[in-house]
Amino acid sequence: MDREGFERAARYWTDRDEAETPDKHMESSELRAAVGRFLADHKVCALATCASGVPRCTPLEYDFHHDALWIFSEGGVKFRGLEPAVGASSAPVSVAVFEPTAKFTQLKSAQVTGRATIVDPSSPEFYQAVAEKGVPTGGTEAFAAKVAKLAKMLHLVKVAPVEVDYLDSSLKKAGYDVRQHLVW
């Protein structure tokens, strides 16, 4: 591939988005609701991080609530790419969620570009994420003991979406382009 061909391939979606008529794009609020439903209806993602030129893409279980993906993890190589997320900062990440089908008429996926933070285990967000995971509370002291035990085994990564590329073959029936771009 020559440089011109490479540039054309790299610009494919941005050029196509700019050339399309506005009526092919969903309203932002409608698109955000569709993406939110899709992310909430699924539970497995591929989280991509990168550190020192070493990329890592890891399949993980997640929950989607409060406009973020919440991922509990024991750690691992993927955390090298999350190092900027230690403390008050965040790390750039990419997350893919998709239907496991290869039929063009049934494609559905969301590619999320976002900012990841590692949630402090003593924070209300950590407690809330544990509760939303379905850990029985059993009273305040029992719940606090469960959270403390989990905090020693697992880390909580919060991914806040910045942009989402949403692909849904069924959108064509409604007159929309099957690929939609959302600035969160």
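Values quoted throughout were computed directly from the atomic coordinates according to the rules given, and no laboratory measurement underlies them. In this text, all values refer to a predicted model and were calculated from it rather than measured experimentally. Methodologically, a virtual Cβ is constructed for each residue, glycine included, from the backbone with ideal geometry; neighbour enumeration extends over all protein chains shown.
Some observations on this one:
- Vicinal HN-Hα couplings computed from phi for the range 28-33 (Karplus, 6.51 cos²θ - 1.76 cosθ + 1.60; Hz; Gly/Pro x): 3, 5, 5, 5, 4, 5
- Phi angles of the range 158-167 translate, via the Karplus equation with coefficients 6.51, -1.76, 1.60 and θ = phi - 60°, into HN-Hα couplings of 10, 10, 8, x, 10, 9, 9, 9, 10, 10 Hz per residue; Gly and Pro are given as x.
- For the pair SER169 and ASP120, the difference between a 0.36 nm per residue extended length and the Cα-Cα distance amounts to 13.7 nm.
- The C-alpha atoms of the chain define a longest principal axis, and helix 140-153 lies at about 60 degrees to it.
- Using a Förster distance of 30 Å, the FRET efficiency for ASP41-TRP13 (Cβ separation, nearest 0.05): 0.80
- With a simple spin-label model that places each label point 7 Å from the Cα along the Cα-to-Cβ direction, the separation between GLN128 and ALA142 comes to 2.4 nm.
- Top of ARG56, ARG16, ARG32 by mean-square fluctuation, Gaussian network on the chain, Cα under 10 Å: ARG16
- Rounded to the nearest 20 debye, the dipole magnitude of the chain is 580 debye, with +1 charges on Lys and Arg beta carbons, -1 on Asp and Glu beta carbons, and the Cα centre as origin.
- Read-out Cα extents along the principal axes in Å, derived from the coordinates shown; its label in [x] 58, 39, 29; [y] 48, 36, 33; [z] 52, 36, 33: [x]
- Separation of the ASP2 and MET153 label points, Cα + 7 Å toward Cβ, nm: 5.9 nm
- Taking 19 Å as the cut-off, the amide N atoms of the range 76-95 that come nearer than this to a point 7 Å along the Cα-to-beta-carbon line of SER52 belong to 76-86, 91-92.
- Rounded to the nearest 500, the 222 nm mean residue ellipticity of the chain from helices alone is -8500 deg cm²/dmol, with -39,500 (n - 2.57) taken per DSSP H run of at least 4 residues.
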